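The values are calculated or read from the model by the stated rules, or taken from the named source; none is laboratory data. Small disclaimer: the values here were computed from a predicted structure and weren't measured. Every residue, glycine among them, receives a Cβ derived from its backbone with ideal geometry; neighbour counts consider all protein chains shown. The accessibility values were calculated without ligands, DNA or RNA, using every heavy atom of the protein model including side chains. Shrake-Rupley method; radii C 1.70, N 1.55, O 1.52, S 1.80 Å.
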Amino acid sequence: MQALPAPLPDRDGVSPSYIWIPEIAPLPLHQFLAQQFPDVPASIWQERLAKQEVVTQTGEKLQADSIVRRGMCIFYYREVPAEPSIPFDEQILFQDEHLLVADKPHFLPVTPGGQYLRETLLVRLKQRTGLSQLTPLHRLDRETAGVILFSVNPATRGKYQAMFQAKTMQKTYHAVARHLPALETPCTRRSRITESPRFFVMEETEGEPNSETHLRVLRHEGEWALYELSPVTGKRHQLRVHMNALGCPILHDTFYPTALPAGSDDFAKPLQLLAKTIRFTDPLNGDLREFHSDQQLFLPQQNAENTATIDINPL
């Protein structure tokens with residue numbers, strides 16, 4: 001966890017990245033970087049060092065032969081060449097001095113990672129609002145659309161984070177999946193979810209349940225249904241795993257039941273999972289807060305290609 005303010009400013013909404021030096025013997029910076037980032041060419045680091053954009057937590061500018069030791073923290077600007085463009089817009093639903101509530105489109109990551117840096121919700125919102133301290137309060141998968149909360153004020157951030165830890169935030173999702181006449185709803189799915197040996201995939205396993213989801217059918221037409229899902233816990237991919245285990249995987253899910261290769265995004269077929277509503281009692285003033293996504297999911301037309309659409313416009 002970052003204990004000190006970043007010694008480098010945000011650049012176009014992008015905060016500097018950082019890495020703590022682990023318990024290793026002192027060694028030159030260029031050797032450490034080659035060991036920690038084997039996929040980053042040495043020429044890239046040379047360019048960053050020449051720009052004086054690799055510094056310690058106190059702002060000391062580093063050189064390739066600078067000696068790094070355990071306990072040091074190195075800050076630098078991460079770059080992503082040929083970053084994919086996400087052709088969908090986010091919306092700001094609410095903003096005050098403590099909270100910002102956004103309506104995230106499908107395919108847009110919340111925070112930088114992997115091949116995404118500027119095409120992330122956090123960086124877009126920083127550029128749009130100028131709020132350098134903006135921080136997401138909870139997770140939302142890249143493939144999932146809908147309501148997500150951000151902290152604006154570091155002084156009150158902990159009070160909102162505590163609500164998620166205490167599970168007092170009430171969240172409801174909408175999902176489109178096959179209609180199962182034999183499934184009586186409302187019902188509850190409880191299971192133990194753990195990481196699968198397959199990369200980035202979760203699975204249900206034997207043991208004490210660590211996940212819980214309430215679900216009901218809002219409406220159905222023929223073989224398709226619109227489900228309302230209310231998670232009690234927040235395991236990664238929980239809703240997707242539970243729906244798949246029930247025999248009705250969410251429409252256009254590229255992980256469940258079968259994980260497709262990376263780069264399989266089809267903007268015409270977004271995952272039909274939407275964080276529709278979030279409801280909570282504000283810890284600062286006791287007011288009941290409730291925010292709704294403006295997006296909607298639609299059931300596929302009968303006797304037509306199995307596609308579902310969402311009312312969000314491409315750029």
Check: All but one of (1) outside any loop (DSSP other than H, G, I, E, B); (2) in contact (Cβ under 8 Å) with a residue 12 or more places away in the chain; (3) of a type outside the set (Asp, Glu) hold for Ala34; which doesn't?
Finding: (2)
Margin query: Can you tell me which condition Ser230 does not meet? The list is (1) more than 27 Å from Lys159 (Cβ to Cβ); (2) small (Gly, Ala, Ser); (3) in a strand (DSSP E or B), and all the others hold.
Written below: (1)
Next item on the list: Of the conditions (1) closer than 30 Å to Leu284 by Cα; (2) of a type outside the set (Ser, Thr, Tyr); (3) in contact with a strand residue (DSSP E or B) (Cβ under 6 Å, 6 or more places away or on another chain), Asp65 clears all except one; give me its number.
Entry: (1)
Check: Counting only residues that are open to solvent by less than 40 Å² (accessible area, probe 1.4 Å) and out of contact with any helix residue (DSSP H, G or I) (no Cβ under 8 Å at 6 or more places or on another chain), which one in region 85-95 is farthest from Gln161 (Cα to Cα)?
Finding: Pro87
Next item on the list: Answer yes if at least one residue in region 279-300 is open to solvent by less than 40 Å² (accessible area, probe 1.4 Å) and at pLDDT below 95, and no otherwise.
Entry: yes
Next item on the list: Would you point out the residue of region 166-193, among those that are open to solvent by less than 40 Å² (accessible area, probe 1.4 Å), free of Cβ contacts under 8 Å to residues at least 60 places away in the same chain and under 24 Å from the mean Cα position of the chain (by Cα), that is farthest from Phe150 (Cα to Cα)?
Entry: Ser191
Check: Among the residues of region 1-39, which ones are modelled with pLDDT of 90 or more, within 20 Å of Gly113 (Cβ to Cβ) and among the hydrophobic types (A, V, I, L, M, F, W, C)?
Finding: Leu8, Val14, Ile19, Trp20, Leu33, Phe37
Next item on the list: Answer yes if at least one residue in region 97-117 is open to solvent by 70 Å² or more (accessible area, probe 1.4 Å), within 24 Å of Arg139 (Cα to Cα) and touching a Pro at 6+ places or on another chain (Cβ under 8 Å), and no otherwise.
Entry: yes
Margin query: Looking for something under 23 Å from Ala166 (Cα atoms), open to solvent by 50 Å² or more (accessible area, probe 1.4 Å) and in contact with a strand residue (DSSP E or B) (Cβ under 7 Å, 6 or more places away or on another chain) - is there at least one such residue anywhere in region 236-250?
Written below: yes
Check: What is the residue count in region 67-79 for residues that are closer than 17 Å to Pro16 by Cβ and either open to solvent by 30 Å² or more (accessible area, probe 1.4 Å) or β-branched (Val, Ile, Thr) (or both)?
Finding: 5
Item checked: Residues located in region 208-227, provided they are outside any strand (DSSP E or B) and within 26 Å of Gln170 (Cα to Cα) -> Glu208, Pro209, Asn210
Note to self: Restricting to region 52-66, count the residues that are surrounded by fewer than 12 Cβ atoms within 10 Å (Cβ to Cβ) and farther than 17 Å from Ala6 by Cα.
What the structure shows: 1
Next item on the list: Answer yes or no: is there a residue in region 31-48 that is in contact with a Lys or Arg (Cβ under 7 Å, 6 or more places away or on another chain), within 29 Å of Lys126 (Cβ to Cβ) and open to solvent by less than 70 Å² (accessible area, probe 1.4 Å).
Entry: no
Next item on the list: Return only the number of the condition from (1) over 18 Å from the mean Cα position of the chain (by Cα); (2) under 23 Å from Met169 (Cβ atoms); (3) in a loop (DSSP other than H, G, I, E, B); (4) of a type outside the set (Gly, Ala, Ser) that Cys248 does not satisfy.
Entry: (2)
Item checked: Ala42 being over 18 Å from Pro112 (Cα atoms), small (Gly, Ala, Ser) and at pLDDT below 95 -> yes
Notebook entry, point to check: Is region 254-263 home to any residue that is hydroxyl-bearing (Ser, Thr, Tyr) and more than 23 Å from Leu180 (Cβ to Cβ)?
Noted result: no
Check: Can you tell me which residue in region 1-23 is farthest from Arg128 (Cα to Cα), limited to those that are surrounded by 13 or more Cβ atoms within 10 Å (Cβ to Cβ) and free of Cβ contacts under 8 Å to residues at least 60 places away in the same chain?
Finding: Ile21
